[in-house]
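J.: Pasting a structure below so you can have a look.
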Amino acid sequence: MAERRMNERTFIAVKPDGVQRKLVGEIVRRFEKRGFKLVALKLIKASEELLREHYWELRNKPFYSTLISYMSSGPVVAMVWQGLDVVKTARKMLGETNPADSLPGTIRGDFCVEVGRNVIHGSDSVESAQKEICLWFHQGELHRWESSPNNWIY
Ligand SMILES: Nc1ncnc2c1ncn2[C@@H]1O[C@@H]2COP(=O)(O)O[C@H]2[C@H]1O
């Protein structure tokens, strides 16, 4: 059980505004420092088809078409992070969907002001994380590796 929770994975994407504003390094740093393991990372210009599938549940929302054009306006940095309760903890690190409701210290609370330009996406449950990881990544892009910094210093 503990083993399974340690291996929990979530899908995180730095959205086009986050890439344009050069927030990628800061965001990766926060996840590394928190103690999570990077399992996959790529810069990708998402197709409309992929985005329509990713945002399927929002298809009837009034902001749906602006959301699709925002997300396809430039490259995004798609990532998979792994660790204990990573889905829930990542959502806390991101802050609320609306940056105005996000506390300082969270990514959205520190770096953005508008819901339609909210810099980062994180899966909202373990089930959606599994679906989103399969949608954005091939199995071969997900890496298994052990952290052993001493071996790389000496
Ligand atoms: N009221 C809104 N107006 C514009 N975009 C929104 C609104 N509500 C949610 N979104 C977008 O829809 C996205 C759904 O996934 P995210 O939580 O990653 O981030 C959300 C915002 O980018």
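The values are calculated or read from the model by the stated rules, or taken from the named source; none is laboratory data. Just so we're clear, the structure is a prediction, and the values are computed from it rather than from any experiment. Note: ideal-geometry Cβ built from the backbone for every residue, glycine included; neighbour counts use all protein chains shown. Ligands, DNA and RNA are excluded from the accessible area calculation, which covers all protein heavy atoms including side chains. Shrake-Rupley method; radii C 1.70, N 1.55, O 1.52, S 1.80 Å.
J.: Rounding to the nearest 20 debye, state how big the charge dipole of segment 1-139 is about its Cα centre with +1 on each Lys and Arg Cβ and -1 on each Asp and Glu Cβ.
T.: That gives segment 1-139 a dipole magnitude of about 340 debye.
J.: Here's another thing I want to ask about it. Let a ≥ b ≥ c be the square roots of the eigenvalues of the Cα gyration tensor of segment 97-154; is it rounded (a/c under 1.5), or, if not, prolate (a/b larger than b/c) or oblate?
T.: Judged from the Cα gyration tensor, segment 97-154 comes out oblate (a/c at least 1.5, b/c at or above a/b).
J.: Could you tell me the calculated FRET efficiency between R117 and R4, based on Cβ-Cβ distance and R0 = 35 angstrom, to the nearest 0.05? The partial results should precede the final answer.
T.: Numbers: r = 36 Å, r/R0 = 1.02.
With R0 = 35 Å, the Cβ-Cβ based efficiency is 0.45.
J.: Using protein chains only and a probe of 1.4 angstrom, how many square angstrom of E114 are accessible, to the nearest 10?
T.: The value for E114 is about 100 Å².
J.: What does the C-alpha gyration tensor say about the overall shape of segment 1-90? Classify as rounded when a/c is under 1.5, otherwise prolate if a/b is larger than b/c, or oblate.
T.: It comes out oblate by the Cα gyration axes.
J.: Please give the calculated 222 nm ellipticity per residue for the chain, where each DSSP H segment of at least 4 residues contributes -39500 (n - 2.57) and the sum is spread over every residue; nearest 500 deg cm²/dmol? Numbers along the way, then the final one.
T.: On the way: 9 runs with 66 residues, N = 154.
Helix contribution divided over all residues of the chain: -11000 deg cm²/dmol.
J.: Under a 10 Å cutoff between Cα atoms, tell me which one of S123, S73, S47 has the largest fluctuation in the Gaussian network model of the chain.
T.: With Cα springs under 10 Å in the chain, the top fluctuation among S123, S73, S47 is at S47.
J.: Taking only protein heavy atoms and a 1.4 Å probe, what accessible area per residue, in Å², does the chain have with all protein chains in place?
T.: Values: 9510 Å² over 154 residues.
Solvent-accessible surface per residue comes out at 62 Å².
J.: Tell me the label-point distance for the pair D110, E49, using the 7 Å Cα-to-Cβ offset, in nm and rounded to one decimal.
T.: Each label point is offset 7 Å from its Cα along the Cβ direction, giving 3.8 nm.
J.: Tally up the carbon and sulfur contribution to the accessible surface of segment 1-139 as a whole percent, 1.4 Å probe, everything protein left in place.
T.: 52 percent
J.: May I pose another question? Arrange the peptides 88-98, 59-69, 6-16 so that the one whose residues have, on average, the most other Cβ atoms within 10 Å appears first. Don't skip to the end; give the middle numbers.
T.: Numbers: 88-98: 17.9, 59-69: 11.6, 6-16: 21.7.
The densest-packed peptide leads the list: 6-16, 88-98, 59-69.
J.: Oh, and also: Among M79, P104, A90, whose Cα lies farthest out toward the positive end of the dipole of the chain, if unit charges sit on the beta carbon of Lys, Arg (+1) and Asp, Glu (-1)?
T.: Sorting the options by dipole projection puts first P104.
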